[in-house]
1. Among B:Ala233, B:Ser18, B:Ser76, which residue has its Cα positioned farthest towards the positive end of the charge dipole of the protein assembly as shown, with +1 placed on the Cβ of Lys and Arg, -1 on the Cβ of Asp and Glu, and the dipole taken about the Cα centre?
2. Give the percent of DSSP beta bridges with both residues in the protein assembly as shown that are antiparallel, rounded to the nearest 5.
3. For chain B, list log₁₀ I(q)/I(0) at each q in 0.08, 0.10, 0.15, 0.16 Å⁻¹, using the Debye formula over Cα point scatterers of equal strength and ignoring solvent, two decimals each.
4. Compute, for B:Glu145, the solvent-accessible surface of its heavy atoms (probe 1.4 Å) with the complete set of protein chains present, and express it in square angstrom to the nearest 10.
5. Return the percentage of antiparallel bridges among DSSP beta bridges fully within segment B:100-239, rounded to the nearest 5 %.
6. Treating cross-link reach as a plain straight distance, find the lysines whose alpha-carbon is under 21 Å from the alpha-carbon of B:Lys280, omitting any fewer than eight places away in the same chain.
7. In the structure shown, do any of A:Lys33/A:Lys132; B:Lys59/B:Lys204; A:Lys145/B:Lys189 have a Cα-Cα gap over 32 Å, and if so which?
8. Across segment A:93-174, what fraction of all alpha-carbon pairs, as a whole percent, falls in each successive 5 Å bin from zero upward?
Amino acid sequence: MLASAIFVVSLVSHIEVLIVLITFTIALTFAAKIVKRFGKSMTFFAPLALIAFLLNYYVFPVGLLTATNLALRLFAVIASSSLFFLTTTPDELEQVMRWFHLPPDLVMIFVIAVRFVPVLFLDALQIMDAQKSRGLEFEKGNLMKRLRNTIPLLVPLIAVAVNRSLELAEAMDSRAYGATKRPTSLYVLKYNFSDYFTTIAGIVMSSFGIYFALFGRLW
Amino acid sequence: MNLEQIAESAPLSENVDSVVRFTNVDYSHPNGVPALRGISVEFKKGELVGILGANGAGKSTLVRHINGILKPTHGSVEVFGESTKNTSAAKLSRRVGIVFQNPNNQLFAQSVKSEIEFGLRNFGFDDELVRQRTDWALNTFSLIEYSNRAPMELSGGEKKRLCNALVLAWDPDIVILDEPTVGQDSEQKERLAQLVKLLLSEQKTIILVSHDMEFLWPLQPRMILMSGGKILADGTAQQVVRDRVSFSHANILAPQLVELFTELGDLGRFPADEFEARDKIRLQMTAAKEK
Ligand SMILES: Nc1ncnc2c1ncn2[C@@H]1O[C@H](COP(=O)(O)OP(=O)(O)OP(=O)(O)O)[C@@H](O)[C@H]1O
Ligand SMILES: [Mg+2]
């Protein structure tokens with residue numbers, strides 16, 4: 001879905017198509033029963049689309065239509081990315097990437113990166129708490145002071161991240177990572193109805209996208 | 001009116017020297033995990049408190065409320081008579097020093113010395129005072145020989161000691177140590193115990209979060225047992241240790257000495273209280289010697 005959405009968005013500039021795309025994405029979130037979390041992540045990102053709209057409309061000499069169009073494009077990409085990351089676990093992603101016969105090490109790097117983003121975020125929060133408890137006021141001072149205030153945050157964050165990756169590497173080695181060339185999976189992904197449905201929908205949409213891009217209209 | 005004046009003008013009651021008060025505090029983490037449920041507790045000036053409980057019981061969450069890093073979801077936390085709601089953690093920390101469980105989460109400076117100075121400068125100490133307090137901290141925690149080394153290159157135990165030092169350097173009125181003995185050798189534990197006694201004699205409130213019964217026991221603190229975000233038991237060390245039911249709930253072992261004498265007491269040979277038992281043993285020993 002994400003792939004086809006980005007594909008369509010990059011090609012198509014027709015508002016109607018974009019609206020169809022967005023509607024479809026939102027319909028899918030209902031189907032996947034993640035409306036609440038989807039809504040949360042969208043309320044976080046949607047202002048971005050709004051800012052893009054205002055910026056385009058007022059700052060650059062583009063028309064209302066183009067501005068709306070650009071904003072909707074951005075919105076569609078954000079919506080479909082949210083949908084993707086809310087429905088797909090790193091484990092599933094790993095298996096899919098294996099299907100494509102990507103090198104296992106590369107897959108592992110990707111999976112670890114995705115999985116450790118929230119961990120890093122939690123680290124950052126904890127470090128901020130610790131430094132606040134030492135009297136550091138992040139919100140205070142002029143720009144220079146604020147920049148300097150990020151040092152006590154960034155240095156431990158990087159140190160913790162580097163340390164963790166070294167420890168993780170040792171732990172993986174000692175748990176026999178890489179002992180077999182093609183490790184088997186404990187869980188096997190199966191294509192079921194909803195997967196077929198979204199795949200076909202994705203292909204249909206992408207085809208429409210290409211068609212539109214080539215001929216500019218449906219008929 | 002400043003805090004001291006408020007304290008002076010307050011009518012004499014048993015609450016006069018209460019420095020921290022939790023009233024019906026509930027706290028849920030942003031992800032919805034409830035970590036504290038209906039906590040009501042009070043800490044007094046000059047009091048030594050040990051907080052014990054299984055992993056995930058909510059001990060760290062509780063103490064994070066005292067310097068305002070966390071604000072209660074329901075209920076209120078008052079520190080020195082003022083609600084923490086509208087005060088920043090950075091401000092409260094001047095009087096409430098917390099040493100966190102994980103030392104890696106805060107060390108960033110180029111040298112041990114500047115790491116200690118960081119907090120002092122944040123709180124606006126003048127140069128002379130910064131120098132004095134830094135020297136004091138380096139000496140007290142036997143970190144002098146490390147003063148120019150990079151904090152990140154220290155061993156785990158040394159880092160922990162540095163974290164204790166850098167908080168105590170600014171001389172807070174309430175000192176909270178989260179797992180202070182983790183990774184400390186017996187000499188450092190002994191020093192820490194001495195320091196706790198010294199701070200108590202200065203009328204500071206000290207809160208120790210620890211699983212280390214053998215460390216807590218000789219200090220005989222007021223003990224608070226936590227489990228599942230609630231307070232299970234609260235009383236003197238003697239009372240709490242003998243509350244077997246709460247104790248096993250909190251996944252804690254009584255100090256070995258207490259275990260030993262409780263078992264001997266069950267046999268009917270000794271009083272179950274190990275202090276009484278010790279006196280009895282002494283008496284018998286001297287009697288045996290005289291023979
Ligand atoms: N940042 C956080 N986000 C979500 N949940 C958290 C967070 N920090 C702690 N928790 C949860 O809150 C509960 C209480 O955690 P807390 O750190 O207070 O336990 P603790 O008693 O200090 O345990 P320990 O002995 O392991 O230090 C746990 O169930 C924990 O999983
Ligand atoms: Mg803890």
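1. Among B:Ala233, B:Ser18, B:Ser76, the one farthest towards the positive end of the dipole of the protein assembly as shown is B:Ser76.
2. Details: 20 of 38 bridges.
Given both bridge residues lie in the protein assembly as shown, the antiparallel proportion sits at roughly 55 percent.
3. Treating every Cα as an identical point scatterer, log10 I(q)/I(0) equals -0.40, -0.61, -1.21, -1.33.
4. Counting only protein heavy atoms, the figure is 150 Å².
5. Numbers: 6 of 11 bridges.
Around 55 percent antiparallel, to the nearest 5.
6. Straight-distance partners of B:Lys280: B:Lys289, B:Lys291.
7. On the way: A:Lys33/A:Lys132 39 Å; B:Lys59/B:Lys204 20 Å; A:Lys145/B:Lys189 39 Å.
Distance filter (> 32 Å) returns A:Lys33/A:Lys132; A:Lys145/B:Lys189.
8. Result, from short to long distances: 3, 13, 17, 17, 14, 11, 9, 7, 5, 3, 0 percent.
The values are calculated or read from the model by the stated rules, or taken from the named source; none is laboratory data. Since the structure is predicted, the reported quantities are computational estimates derived from the model, not experimental observations. So basically every Cβ, Gly included, is an ideal-geometry build from the backbone, and we count neighbours across all protein chains shown. Protein only, heavy atoms only, side chains kept; ligands, DNA and RNA dropped before computing areas. Shrake-Rupley method; radii C 1.70, N 1.55, O 1.52, S 1.80 Å.
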